[in-house]
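A.B. asks: First, the structure itself, so that you have it in front of you.
Rule-based calculations on the coordinates, nothing more; no lab input. None of the values given here were measured: they were computed from a predicted structure. Note: ideal-geometry Cβ built from the backbone for every residue, glycine included; neighbour counts use all protein chains shown.
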Amino acid sequence: MKSEIKKIAVLTSGGDAPGMNAAIRAVVRSCAYHNLECVGVYRGYEGLIEGDFKTLNARSVKNLINRGGTFLKSARSKGFMTKEGRKKAYEHLKKNSIDALVVIGGDGTFTGAIVFNEEHNFPIVGLPGTIDNDINGTDNTIGYDTALNTVVEAIDKIRDTANSHNRLFLVEVMGRDAGDIALNAGIGAGAEEILIPEQDMGRERLVASLKRSKASGKSSSIVVVAEGDQIGKNIFGLAEYIRENLEEYECKVTVLGHIQRGGSPSCYDRVLASRLGVGAVDALLNGERDVMIGLVHNKVVIVDFKESLKGENKIDKDLIRVADIISV
Ligand code: F6P
C-alpha cells in the first residue's frame with residue numbers, strides 16, 4: 001500500500017542531548033531520500049503551538065553531525081500541557097499540511113506525544129534523546145554515551161587533584177530519576193562509591209565503607225553521586241555529614257552540571273542517532289504510529305510509546321555488583 005505521508009515535521013524537546021542534531025539530520029535526509037517534504041519545528045512543542053516552522057532540505061542539515069546541542073533548539077513547554085495549547089499545535093500542523101511528526105526527546109516529550117495522539121489522532125514517532133538513558137525499549141538513548149565520556153574525562157581530572165592532596169571528592173552527576181550516568185561513569189572512572197536513586201545506601205554505610213577503604217591503604221577517594229540520589233539530594237549537606245563523621249579525609253564537592261549535556265557527540269551517538277532517524281521515517285512510511293524507535297542488541301526496534309515509559313528504570317544489578325567488587 002502506498003503511504004499517505006507526504007510531509008513530516010521534526011522537533012527536539014526537553015533537555016538537549018549530544019546527537020540530537022545527528023538525529024534531525026537523519027530524519028531530514030531520509031525524507032529527501034524518499035521524496036517527502038520535511039519541516040523543522042523550533043523550540044519543541046512551544047514552536048508547534050506558535051507555528052514556528054521552517055522547511056528543511058538535505059543541504060539544510062550540512063555540517064551538523066558533529067555538533068552538540070540542537071539547532072532546532074529545545075524547550076520544556078508549559079503550553080503543551082494544556083488542551084488549548086495542544087489544539088493550537090494541531091491547527092498549525094493541519095494548516096501546514098503536515099501528515100506526521102517525529103519528536104526527539106525524553107520521557108516528558110513522549111508523555112506529551114501520547115496525550116496529543118489521544119486527543120488528535122495525529123501520527124507521531126519518537127526518538128529517545130536524553131543523556132539520562134531512562135527510557136525503556138532501547139539499550140541506549142541518544143546523548144548518553146557522550147555524556148558518559150564527558151563525565152569520565154572530568155572525573156579523571158578530579159582524581160589527579162584528589163590524589164595529590166589525599167582528598168575525598170563528592171562528584172555530582174546528572175540523572176534526576178536515573179542512576180545510569182552515575183553507575184556507568186563511576187565504574188569507568190574507578191569511583192570508590194556510587195550513589196544512585198535506585199538504591200538507598202544510607203549515610204552511615206557510606207561513611208563506614210569510606211573508613212574501610214582508607215584503612216585498606218587508599219589515600220584519596222571519589223564518590224559519584226547521581227543528582228536524584230536520596231542521601232545525596234543535597235550534596236553539600238552530605239559533605240557536611242561526612243566532614244563531621246570522617247576525619248580521615250578532607251572532603252570537597254564538585255557539581256559537574258550542564259557540561260554533561262554539551263559537546264560534540266561521540267561516534268556511538270552519531271551512529272545511533274542516524275540509525276534511529278532513518279528508522280523513524282521508515283516506520284511512518286510503513287504505517288506505524290504512536291511508537292518509539294529504539295536499538296536493542298544492535299537492532300533497530302519499534303516500541304509502543306507507553307511501553308517506553310513503563311515501570312522502573314532498567315538499572316543493571318550486575319553493574320552494581322561489579323562496582324562493589326572492583327572498588328575494594
Ligand atoms: O533530562 C535530562 C537532565 O539532564 C536531567 O538529568 C537533569 O535533572 C535535567 O535535565 C536538568 O534540566 P534543565 O537544565 O533543563 O532544568
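A.B. asks: First select every other residue whose beta carbon is under 13 angstrom from the beta carbon of ILE242; then total the charges, Lys and Arg +1, Asp and Glu -1.
C.D. replies: Working: positive: ARG167, ARG203, ARG205, LYS211, LYS214, ARG243, LYS252; negative: GLU192, GLU193, GLU204, GLU240, GLU244, GLU247, GLU248, GLU250.
Net charge around ILE242: -1.
A.B. asks: Compute the signed sum of charges (Lys and Arg +1, Asp and Glu -1) over the other residues within less than 15 Å, Cβ to Cβ, of ILE259.
C.D. replies: So the environment of ILE259 carries a net charge of -3.
A.B. asks: Exceeding 21 Å between C-alpha atoms, which entries from my cross-link table qualify? They are LYS252/LYS317; LYS94/LYS310; LYS218/LYS252; LYS7/LYS54; LYS6/LYS54. Write out the running numbers ahead of the final one.
C.D. replies: Values: LYS252/LYS317 29 Å; LYS94/LYS310 31 Å; LYS218/LYS252 17 Å; LYS7/LYS54 12 Å; LYS6/LYS54 16 Å.
Long pairs (Cα-Cα over 21 Å): LYS252/LYS317; LYS94/LYS310.
A.B. asks: Considering the zone a paramagnetic label at ASN121 would reach in this model (a point 7 Å from Cα along the Cα-to-Cβ line), which residues of the range 79-102 have amide N under 20 Å from it?
C.D. replies: Flagged as within label range: 83-84, 86-102.
A.B. asks: Separate question: Rounded to the nearest 0.05, what FRET efficiency do VAL207 and TYR268 give with R0 = 25 Å and r taken as the Cβ-Cβ distance? Could you check? Don't jump to the answer; show the numbers that get you there.
C.D. replies: Values: r = 37 Å, r/R0 = 1.47.
E(calc), rounded to 0.05, equals 0.10.
A.B. asks: What Kirkwood hydrodynamic radius, in Å, does the range 144-261 give when the mean of 1/r is taken over all pairs of distinct Cα atoms and then inverted? Working shown, then result.
C.D. replies: Working: mean 1/r = 0.0721 Å⁻¹.
Its Kirkwood hydrodynamic radius stands at 13.9 Å.
A.B. asks: Please get the size of the charge dipole for the chain, origin at its Cα centre, with Cβ charges of +1 on Lys and Arg and -1 on Asp and Glu, quoted in debye to the nearest 20.
C.D. replies: Working: 42 positive and 44 negative charges, 234 e Å.
For the chain, the charge dipole is close to 1120 debye.
A.B. asks: Using the number of other C-beta atoms within 10 angstrom as an exposure proxy, rank ILE194, ILE104 with the fewest first. Walk me through the intermediate numbers first.
C.D. replies: Values: ILE194 27, ILE104 34.
Listing ILE194, ILE104 from fewest to most nearby Cβ atoms yields ILE194, ILE104.
A.B. asks: Give, as a single signed number, the net charge of other residues whose beta carbon lies under 10 Å from the beta carbon of ALA23, with Lys and Arg counted +1 and Asp and Glu -1.
C.D. replies: Details: positive: ARG25, ARG270, ARG275; negative: ASP269.
Cβ neighbours under 10 Å give a net charge of +2.
A.B. asks: Among ILE326, SER213, GLY257, pick out the residue whose Cα is farthest towards the positive end of the charge dipole of the chain, where Lys and Arg carry +1 and Asp and Glu carry -1 on C-beta, about the Cα centre.
C.D. replies: It is GLY257.
A.B. asks: Return LEU168, LEU309 ranked ascending by Cβ neighbour count within 10 Å, so the fewest neighbours appear first.
C.D. replies: In order of increasing Cβ crowding within 10 Å: LEU309, LEU168.
A.B. asks: Consider just the alpha-carbon atoms of the chain and return their Rg together with their Dmax, both in angstrom.
C.D. replies: 21.7, 72
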